[in-house]
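Quick notes on the structure that follows.
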Amino acid sequence: MMPGPTALNFSETTSHDIFAQRLPQTRDDSLPQILVAAVTHLHALIRELRPTQADWRKVIEFLTDVGHASDERRQEWVLLSDLLGASALVEEINSRRPKTATPNTVRGPFFRADIPQLPLGSNISLDGIGETLEVFGRVQDLDGDPIANAEIITWQANAQGFYENQQPDLQPEFNLRGGFRTDADGRFHYRTVKPRGYGVPDDGPVGKLLRQAGYPLRRPAHLHFIIKAPGFETITTHIYDGSDPYLAEDAIFAVKPDLVRTFERQGKGWLLDLTFVMVRARQGADT
Ligand code: BEZ
Ligand code: FE
């Protein structure tokens, strides 16, 4: 069939409408609607910035590099989403919790799912480098009742500010990562080393771009946690070292006051006492 006159009329002002006209208007799923919204914003951005063809080739090259820098060990797409504030915004929209519950933050690109399950009390520092940190925690519901057998997944940077998967030749596999289960009283504990804050990696296309633009790439010292228990919303969060000077300028907008804790001195090492408060999952909702 010959295209109608409007379809031939692709111009600066009609481009997004013409795109929209080509999609089915009556569909049960929202895919056509999502595409129209995305393309409408994209075309508006192009009209605003007016890139040359060479500029646009650079955009495509950047996105290609992001793809090439992403694999099981490193997720450059996640880094892009995090540094642009997109991950934090999606989190904000989706996990409004009661004030007394532990808030979610982004998971970040250094998470690994294939971690070892460890007995309570284990030391997750496999190279022993750094100041000892003992972590004691409890997991409870909004009423303060303990949640037994909750799954705790933790990962963190080392005392120099690097994750094990950033330094596969320098750190033992699974260094500073572990999976635990709370005991009958909803408690867990393990040993580790005090993490240091770090610069978000700028050896890949995303870090390079933002560094070039003058964007500060610092992250304050933190531990990552995922807490899962049947019937409760999964918590994906960080715990921050309250003495870190960069809390207010976290590169990925993931510091929330409720997640900042004091690491207490204990002999030559440190002690951290944590409480995670879970919210019951709504029926049929993702946990
Ligand atoms: C992290 O904390 O592991 C992280 C999160 C987002 C971007 C970079 C690092
Ligand atoms: Fe981190």
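Values in this text are rule-based calculations from the coordinates and carry no lab data. Please read these numbers as outputs of a predicted model, since none were measured by experiment. Every residue, glycine among them, receives a Cβ derived from its backbone with ideal geometry; neighbour counts consider all protein chains shown.
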Taking Cα pairs closer than 8 Å and at least 6 residues apart, the relative contact order of the range 16-116 in percent is 18 percent
Sort Trp155, Trp77 by Cβ crowding within 10 Å, fewest neighbours at the top.
Trp77, Trp155
Below 8 Å, C-alpha to C-alpha, sequence gap of six or more: please give me the relative contact order for the range 166-287 in percent.
19 percent
Trypsin sites (Lys or Arg not before Pro) lying in DSSP loop within the range 251-282, provided at most 13 other Cβ fall within 10 Å
Lys268, Arg282
From Cα pairs below 8 angstrom and at least 6 apart in sequence, can you work out the relative contact order of the chain, rounded to a whole percent?
20 percent
Mind sorting Arg218, Arg107 by how few other Cβ atoms lie within 10 Å of their own Cβ, fewest first?
Arg218, Arg107
Taking a crude spin-label model, label points 7 Å out from Cα along the C-beta direction, the Gln25 to Trp77 distance in nm is 3.3 nm
Span-like helix ranges in the chain, DSSP H, alpha carbon extent 15 angstrom or more, Kyte mean at least -0.5
31-49, 53-68
Quick check: pseudo-label points 7 Å beyond the Cα along Cα→Cβ at Leu42 and Ser243, how many nm apart are they?
4.9 nm
Let a ≥ b ≥ c be the square roots of the eigenvalues of the Cα gyration tensor of the range 15-68; is it rounded (a/c under 1.5), or, if not, prolate (a/b larger than b/c) or oblate?
oblate
Total lysine pairs whose alpha carbons fall under 30 Å of each other in the range 76-278 (8 or more apart, or interchain)
10
Set the Förster radius R0 to 51 Å, insert the Cβ-Cβ distance between Leu89 and Asp127 as r into 1/(1 + (r/R0)^6), and round the FRET efficiency to 0.05.
0.90
Of the GluC sites (Glu not before Pro) in the range 11-75, those whose Cβ has at most 15 other Cβ within 10 Å and which sit in DSSP loop
Glu12, Glu72
